[in-house]
Amino acid sequence: MRVSWRGPALLGVATSLWGLSSAGIAAVGAPGIAAAPVAAGGAVALLGFALARGAHPWRDLRSAPGLFLRLGVLEVLNLVSYVAALHIGPLPVVVALHLTSPVLLIVVRIVRGMRAITLVLAAELVAIGAAIWLVAGHRPADTALGPALVGCALALISAGCVAGLITLVVRESAARAGASAAGLQLLAAAVLAAPLLGMAMLFGEGPTAGQTVALAVLGALLLGPGFACYWLALRELDEVTTGLIGLNEAVVATLAGAILVGSEITVATLMAGVLVLGAVGLELGSPARARAPS
């Protein structure tokens, strides 16, 4: 089944906002776990907007507390695994493995018999694999094998969490108000991440007051609206397409990072972006693509 471009466009906006927020967090330079203030800022903005629109987020929470708890746990586990992986390294391989959630989703659908292996699908997998290979490069000589393996394992856990988040939101998005559901997801993540932030502050590794305010503003202006667009977009998209378009976040973060913190944009990164866009185009135009049953 083909989809309109409304879903992909909304998801493009969402992932672009997330990419900008990632670059902004890097520019703030806050030490420790930054999830709690960023998620809290996004939650306050979205829940305030939902209440102003006449929504009932607390009723939504009471109707499905387990859902939002699972979303919050996956969100925090994703963040913790990915941040830890980035600290352990090797950085290029970790970033690349973190982006493998579309591959995991495709493999799951093949195993479940929901997707046949076609020439188009094979081309998508080759394009994604080539993009990941370009980003990964090779393990730096100064990175020991043991830490490298641990970092890669944590990055794969993070990718699995992303795949789980996508699957849950695709299943639930049609029946829930976007701003309210997105705000509750971020609220759960903020509450679950708060102890980690508290521990970081206890050991003198937490953000300053100014950094905390800046992170909350980034959450309210970028992360929160991105999550609202995400929930709306997934009413029209399946898991695989969502995962593929989600790679746009890394592209935008790279471009914004080059402007805000002076990080380098390589030819390999640009080529990887082109390959990802090609895979998205193939997936959207594939006659074999179908929405996963709810």
- Determine the gain in length on full extension of the stretch Leu149-Ala258; use 0.36 nm per residue of separation and subtract their C-alpha separation, reporting nm with one decimal. 36.4 nm
- Task: Compute the distance in nm between two label points, each set 7 Å from the Cα along the Cα-to-Cβ direction, one at Trp133 and one at Ala64.
- Result: 4.0
- Note on the structure: The extension gain from Ala26 to Phe203, computed as 0.36 nm times the residue separation minus the Cα-Cα distance, is 61.6 nm
- Message: Using each residue's phi in region 5-10, evaluate 6.51 cos²θ - 1.76 cosθ + 1.60 at θ = phi - 60° and report the 3J(HN,Hα) Karplus result to the nearest Hz, with x for Gly and Pro.
- Response: 8, 5, x, x, 5, 4
- Item | Derived scalar couplings ³J(HN,Hα) [region 58-65; Karplus, 6.51 cos²θ - 1.76 cosθ + 1.60; whole Hz; x for Gly, Pro] | 5, 5, 4, 5, 5, 6, 8, x
- Between Ala268 and Val126, 0.36 nm times their residue separation minus their Cα-Cα distance comes to what? 49.5 nm
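Each reported figure results from applying straightforward, stated rules to the coordinates on display, with no laboratory input. Fair warning: this is a prediction, and the values are worked out from it, not measured in the lab. Neighbour counts run over all protein chains shown; Cβ positions are idealised from the backbone, glycine included.
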